[in-house]
Amino acid sequence: MPKGILSGMVTLLILSVLTSTVAIGLVGYDNLSTAKDALPDAVASAFGRTHWLAQLLGSIGLVGLIASFSGVILAYSRQIFSLARAGYLPPMFSKLHVARRTPVPAIIFPGLLGLILVALFDPDDLILIATFGALISYISMNLSLVVLRVKEPNLVRPYRTPLFPIVPVVSIIIAIMALFASVFANILFFWISIALFGLATIYYFTWARHRINVDAPEESFMKQKADEVASTKSIEELL
């Protein structure tokens with residue numbers, strides 16, 4: 001999995017640089033800064049909307065967007081299902097379809113919520129909230145990496161972050177810069193994002209943490225790993 005994630009990130013980085021370079025070279029930065037679809041709009045500006053290349057790029061983008069819906073549905077539903085099974089969310093979201101064994105409530109209810117939000121608010125503002133959450137997770141993950149390396153230096157690590165601590169520290173700095181850049185994008189939704197995280201924190205400490213299911217696969221796996229580490233340490237101390 002780490003190799004797949006890293007290769008995907010490298011591919012995305014290369015394609016992003018090439019797309020930006022080609023698009024800016026075709027129409028210039030000022031014209032591109034207002035475009036919603038950089039490469040199709042750049043080609044259309046240079047050759048016309050009816051040019052076969054502009055239509056091809058637009059079609060590819062549309063197909064890719066539709067194809068990504070399945071991945072998004074799979075990701076959010078299984079994450080909500082897993083959190084509900086472990087006790088962090090209401091148990092109704094951990095229910096499975098009797099025959100198909102799919103988390104139907106975790107698919108339908110968040111999907112309906114998403115449709116309502118898109119109908120009521122500008123999608124760009126909703127994306128800002130999602131980006132805010134993603135940046136918070138990036139900062140948390142990199143901080144956790146640093147803390148674990150300091151507190152648990154002998155922990156078994158099948159995969160080790162290259163160039164530690166440079167990579168996590170640089171990642172934290174970039175994520176913080178991007179986080180506060182959202183203030184200038186839309187100050188109202190920046191504070192809405194903070195309010196949502198505040199409500200989520202209150203929800204966890206007042207409700208969720210008292211209902212964690214220690215027998216859930218997610219929790220039992222972590223307990224098993226913790227016991228293995230404790231046993232390894234005990235054996236090393238005896239030796």
Exercise. Can you run down the residue pairs with Cβ atoms below 9 Å, 6 or more apart or on separate chains, where the first is in segment 109-124 and within 17 Å of residue 189 (Cβ to Cβ) and part of a helix (DSSP H, G or I) and the partner is at pLDDT below 90 and not hydroxyl-bearing (Ser, Thr, Tyr)?
Key: 114/126; 117/123; 117/126; 118/126; 124/185; 124/186
Quiz item: Among the residues of segment 57-73, is any surrounded by 12 or more Cβ atoms within 10 Å (Cβ to Cβ), closer than 30 Å to residue 205 by Cα and in contact with a Gly (Cβ under 8 Å, 6 or more places away or on another chain)?
Solution: yes
Self-check item: Criterion: assigned to a helix (DSSP H, G or I), out of contact with any Gly (no Cβ under 9 Å at 6 or more places or on another chain) and either modelled with pLDDT under 85 or not hydrophobic (A, V, I, L, M, F, W, C) (or both) - qualifying residue of 200, 195, 175, 230
Solution: 230
Quiz item: Among 156, 104, 167, which is of a type outside the set (D, E, K, R) and touching a His at 6+ places or on another chain (Cβ under 6 Å)?
Solution: 104
Quiz item: If you take the residues of segment 14-54 that are exposed (fewer than 13 other Cβ atoms within 10 Å of the Cβ) and within 21 Å of residue 124 (Cα to Cα), which of them is modelled with the lowest pLDDT?
Solution: 33
Quiz prompt | Single residue of segment 208-219 satisfying the filter (out of contact with any helix residue (DSSP H, G or I) (no Cβ under 7 Å at 6 or more places or on another chain) and surrounded by 13 or more Cβ atoms within 10 Å (Cβ to Cβ)) that is nearest to residue 133 (Cα to Cα) | solution = 208
Self-check item: Given (1) assigned to a helix (DSSP H, G or I); (2) closer than 25 Å to residue 17 by Cβ, number of the condition residue 36 does not satisfy
Solution: (1)
Quiz item: Is there a residue being of a type in the set (Val, Ile, Thr), in contact with a helix residue (DSSP H, G or I) (Cβ under 6 Å, 6 or more places away or on another chain) and either surrounded by fewer than 15 Cβ atoms within 10 Å (Cβ to Cβ) or at pLDDT 90 or above (or both) anywhere in segment 84-105?
Solution: no
Quiz item: Here are some residues: 190, 184. Which one is at pLDDT below 85, part of a helix (DSSP H, G or I) and of a type in the set (Phe, Trp, Tyr)?
Solution: 184
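For residue 133, state whether it is touching a residue at least 40 places away in the same chain (Cβ under 8 Å) and in a helix (DSSP H, G or I). Step through it out loud before you land on a result.
Details: touching a residue at least 40 places away in the same chain (Cβ under 8 Å): yes; in a helix (DSSP H, G or I): yes.
Yes.
The values are calculated or read from the model by the stated rules, or taken from the named source; none is laboratory data. The structure presented is a predicted model; accordingly, all values stated were derived computationally and were not measured. A quick note on method: Cβ atoms are made from the backbone with ideal geometry, for glycine too, and the neighbour counts reach across all protein chains shown.
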